[in-house]
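As structure tokens, the structure follows; a few thoughts come after it.
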């Protein structure tokens with residue numbers, strides 16, 4: 001039945017989910033960070049025809065906790081070299097100029113703030129609160145405030161500080177009822193736990209839709225070998241494919257620990273799941289509700305992603321071929 005659904009997928013059936021990506025994006029070539037964000041971004045850009053990209057946010061995360069949107073803009077320069085070719089396959093691919101216009105920078109240790117990597121390393125009030133707004137946290141508020149009834153899916157690849165600061169700002173400047181309206185518009189997918197804002201969100205907002213993937217994301221590790229990546233993505237697939245790192249911190253080949261945050265939307269576009277119900281199976285994993293909260297935590301674990309690798313890797317392989325002239 002699943003394969004029938006996937007086989008029946010039509011190009012005109014995209015749901016155009018509204019998406020924000022918040023990534024601790026490293027420079028290219030990668031230094032002092034994890035290359036898997038670059039891997040995930042290459043895959044993400046090849047599916048932007050299926051998603052309505054509201055913002056690309058450079059956040060702090062991993063080791064040096066630096067937020068630099070220039071790193072994302074550098075990748076968009078490579079996308080700029082292939083986007084016209086991609087639009088020959090589907091006119092819905094955004095231009096590089098549009099994506100540049102929705103790229104924003106959060107706060108990191110290169111700003112007036114000190115963020116420590118990981119949970120339990122500092123007080124949440126060290127990184128969230130008065131005077132800690134950024135262009136990234138401001139734009140999250142503006143996006144959620146749009147008169148669009150569709151929810152906004154926020155994939156948090158690095159630290160969650162920017163979305164947490166947005167929520168803090170709304171909480172401290174609006175009524176309780178207005179806060180609830182705001183929270184009802186956003187869906188958060190947390191990959192790991194990279195700063196003190198993570199626990200603040202989990203502890204204080206039980207009704208906020210949050211997927212907390214502490215281990216399930218590891219189902220992406222090794223879904224493709226280095227040889228597979230070099231053959232199907234890196235070599236002879238244009239400048240965007242060429243920047244796909246052949247290895248990351250967790251090993252060689254395809255790692256992409258952040259990709260589940262949008263893979264569950266792509267599988268929804270193929271009729272496999274409803275992203276409003278993370279307990280369903282999806283390319284981004286399957287999760288269980290945490291008690292009576294609206295939080296969804298690791299359930300079956302990494303296997304709930306890796307079981308779909310043949311489907312999403314073949315799809316990625318075909319999508320990468322769209323970059324060929």
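Please treat every number below as a calculation from the coordinates, not as lab data. In this text, all values refer to a predicted model and were calculated from it rather than measured experimentally. Backbone-built Cβ (ideal geometry, glycine too); neighbour counts: all protein chains shown.
Cβ-to-Cβ counts within 10 Å put 175, 103, 85, 215 in ascending order as 175, 215, 85, 103, the fewest first. Taking the C-alpha atoms only, the angle from helix 161-171 to the longest principal axis of the chain is near 40 degrees.
How big, in percent, is the set of alpha carbon pairs in region 61-108 lying more than 16 Å apart? Looking at region 61-108, the distances longer than 16 Å represent 47 percent of pairs. Axis of helix 135-144 versus longest Cα principal axis of the chain: the two differ by about 80°, to the nearest ten degrees. In whole percents, the pair-distance distribution calculated for region 2-321 from its alpha-carbon pairs, binned every 20 Å from zero, is 35, 61, 5. Among beta bridges identified by DSSP and lying wholly in region 2-321, the antiparallel ones come to about 20 percent. Taking label positions 7 Å along the Cα-Cβ direction at both residue 249 and residue 145, the computed distance is 3.5 nm, reported to one decimal. Ranking of 187, 289 by neighbouring Cβ atoms within 10 Å, starting from the fewest: 289, 187.
Highest mean packing first, where packing is the average number of other Cβ atoms within 10 Å per residue, the peptides 309-318, 265-274 line up as 265-274, 309-318.
In this simple spin-label approximation, residue 172 and residue 64 carry label points 7 Å from Cα along the Cα→Cβ vector, and these lie 3.0 nm apart. Using just its DSSP H runs of length 4 or more, each adding -39500 (n - 2.57), the chain gives a mean residue ellipticity at 222 nm of -9500 deg cm²/dmol after division by all residues.
Sorted into 10 angstrom bins from 0, the C-alpha pair distances of region 102-147 split as 23, 47, 26, 4 percent.
The spread of Cα positions in region 197-325, taken along each principal axis and listed from longest to shortest, comes to 50, 32, 23 Å. Among 65, 323, the ranking by other beta carbons within 10 Å of each residue's beta carbon, starting with the fewest, stands as 323, 65. Sequence-distant contacts, meaning Cα pairs under 8 Å at least 6 residues apart, place the relative contact order of the chain at 20 percent.
In the chain, the longest principal axis of the Cα atoms and the axis of helix 69-80 are about 20 degrees apart.
Approximating the spin labels as points 7 Å out from Cα along Cα→Cβ, the residue 122-to-residue 92 distance works out to 4.1 nm.
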